[in-house]
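Novice: Let me begin by handing over the structure; questions about it come next.
The values are calculated or read from the model by the stated rules, or taken from the named source; none is laboratory data. The structure presented is a predicted model; accordingly, all values stated were derived computationally and were not measured. Positions of Cβ are backbone-derived with ideal geometry, glycine not excepted, and every protein chain shown enters the neighbour counts. For the accessible areas, the whole protein counts, side chains as well, though only heavy atoms, and no ligand, DNA or RNA atoms are used. Shrake-Rupley method; radii C 1.70, N 1.55, O 1.52, S 1.80 Å.
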Amino acid sequence: MVQYLFLVSFHGEMVMGKGNKHRERKISSYDRSLGKRKPNRCILIVCGGKATEPNYFRELRNSLKISSTEIEIIGEGKAPITLVECASGIKNRRKKEIISSNKLPYDEIWCVIDVENPINNPSFNQAVVKAKQQGFKLAISNPAFELWYLLHYESTTAAFQNASELIKHLEKWIPNYDKSKNYFPYLSGYIKDAITRADQLLRNHSSISDIEYPNPSTNVHILVNCMM
């Protein structure tokens, strides 16, 4: 059983009505001391998207202000297998940098991947196998990362045909959703809710099926918890 520890306090409220309007939820300062020590832990996050995922994780990292952990985030915008190969290349470069500089080795390497439609995403299964062989961790969303956004606002068990259908549903909460925009200020006050819902969704699936990445599901909450 994965236990989640959420140490931050949010104040203010996001207001959403039938008119699908929303306001930014204010975030209080985190009660963390930045300190002077160098990081003693290093995490690499390589994302399939160029904007959506990197924006979210960078804003989360910046908000947490954890001085003990270095979190490097890269948005590749590439197919799953190419993404894993990219992560492998970065890992190998870091090994060389450790010798010639004072950089830390990566304690964890995460690949953030969408399932989408497996028929139109033929390298997905290959990427999963290769990532596991490399010892990488996987943050996988089916059908897409936007499911993690949706879980900030509501629970759902209904399967989505594709990312487009999922985004249409998400627009009840985030009108005119745009992948290139940063929505973290609107989501930040609901992270604890999203963690709880994502975990419960996986538990529900595991009780009725042995499919590894069922629709809908996401384990992005495990990566988020790791960052915290």
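Novice: Just give me the residues in region 216-228 being open to solvent by 30 Å² or more (accessible area, probe 1.4 Å) and either modelled with pLDDT of 95 or more or assigned to a helix (DSSP H, G or I) (or both), in sequence order.
Specialist: Here is the first cut: in region 216-228, the residues open to solvent by 30 Å² or more (accessible area, probe 1.4 Å) are 222, 225, 228.
Scanning region 216-228 gives Ile222, Asn225.
Novice: How many residues are of a type outside the set (D, E, K, R) and either open to solvent by less than 20 Å² (accessible area, probe 1.4 Å) or in contact with a strand residue (DSSP E or B) (Cβ under 6 Å, 6 or more places away or on another chain) (or both) when one looks only at region 89-98?
Specialist: Of the residues in region 89-98, 1 are of a type outside the set (D, E, K, R) and either open to solvent by less than 20 Å² (accessible area, probe 1.4 Å) or in contact with a strand residue (DSSP E or B) (Cβ under 6 Å, 6 or more places away or on another chain) (or both).
Novice: Follow-up question, since we're still on this one. Determine which single condition Val112 fails, assuming it passes every other condition in (1) modelled with pLDDT of 85 or more; (2) in contact with a Lys or Arg (Cβ under 8 Å, 6 or more places away or on another chain).
Specialist: Here Val112 meets the rest and fails (2).
Novice: Residues to consider are Ser180, Ser123; find the one that is loosely packed, with under 15 Cβ neighbours inside 10 Å, touching a residue at least 24 places away in the same chain (Cβ under 8 Å) and either of a type in the set (D, E, K, R) or closer than 23 Å to Lys78 by Cα (or both). Steps first, please.
Specialist: Details: Ser123 fails: loosely packed, with under 15 Cβ neighbours inside 10 Å.
Answer to the check: Ser180.
Novice: Among the β-branched types (Val, Ile, Thr) and touching a helix residue (DSSP H, G or I) at 6+ places or on another chain (Cβ under 9 Å): which single residue out of Ile98, Ile74 fits that description?
Specialist: Values: Ile98 fails: touching a helix residue (DSSP H, G or I) at 6+ places or on another chain (Cβ under 9 Å).
The unique qualifying residue is Ile74.
Novice: For region 70-86, which residues satisfy the criterion of being under 18 Å from Asn225 (Cβ atoms) and either touching a Phe, Trp or Tyr at 6+ places or on another chain (Cβ under 6 Å) or open to solvent by less than 20 Å² (accessible area, probe 1.4 Å) (or both)?
Specialist: Ile71, Ile73
Novice: Starting from region 130-153, take each residue that is open to solvent by 10 Å² or more (accessible area, probe 1.4 Å) and list its partners that are among the small types (Gly, Ala, Ser) and outside any loop (DSSP other than H, G, I, E, B), counting only C-beta distances under 7 angstrom and pairs at least six apart or across chains.
Specialist: Gln134/Ser88; Phe136/Ala87; Leu138/Ala131; Asn142/Ser217
Novice: Can you confirm whether region 158-169 contains a residue that is within 20 Å of Leu60 (Cβ to Cβ) and either open to solvent by less than 60 Å² (accessible area, probe 1.4 Å) or assigned to a loop (DSSP other than H, G, I, E, B) (or both)?
Specialist: In the first step, residues of region 158-169 are kept if they are within 20 Å of Leu60 (Cβ to Cβ); the result is none.
No: zero hits.
Novice: Go through (1) surrounded by 20 or more Cβ atoms within 10 Å (Cβ to Cβ); (2) more than 21 Å from Asn55 (Cα to Cα); (3) in contact with a strand residue (DSSP E or B) (Cβ under 7 Å, 6 or more places away or on another chain) and name the single condition Cys111 misses.
Specialist: (2)
For every residue, the table says whether it meets (1) farther than 27 Å from Asp178 by Cα; (2) among the hydrophobic types (A, V, I, L, M, F, W, C).
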position: Glu97; (1), (2): yes, no
position: Ser101; (1), (2): yes, no
position: Leu104; (1), (2): yes, yes
position: Ser123; (1), (2): no, no
position: Gln126; (1), (2): yes, no
position: Lys137; (1), (2): yes, no
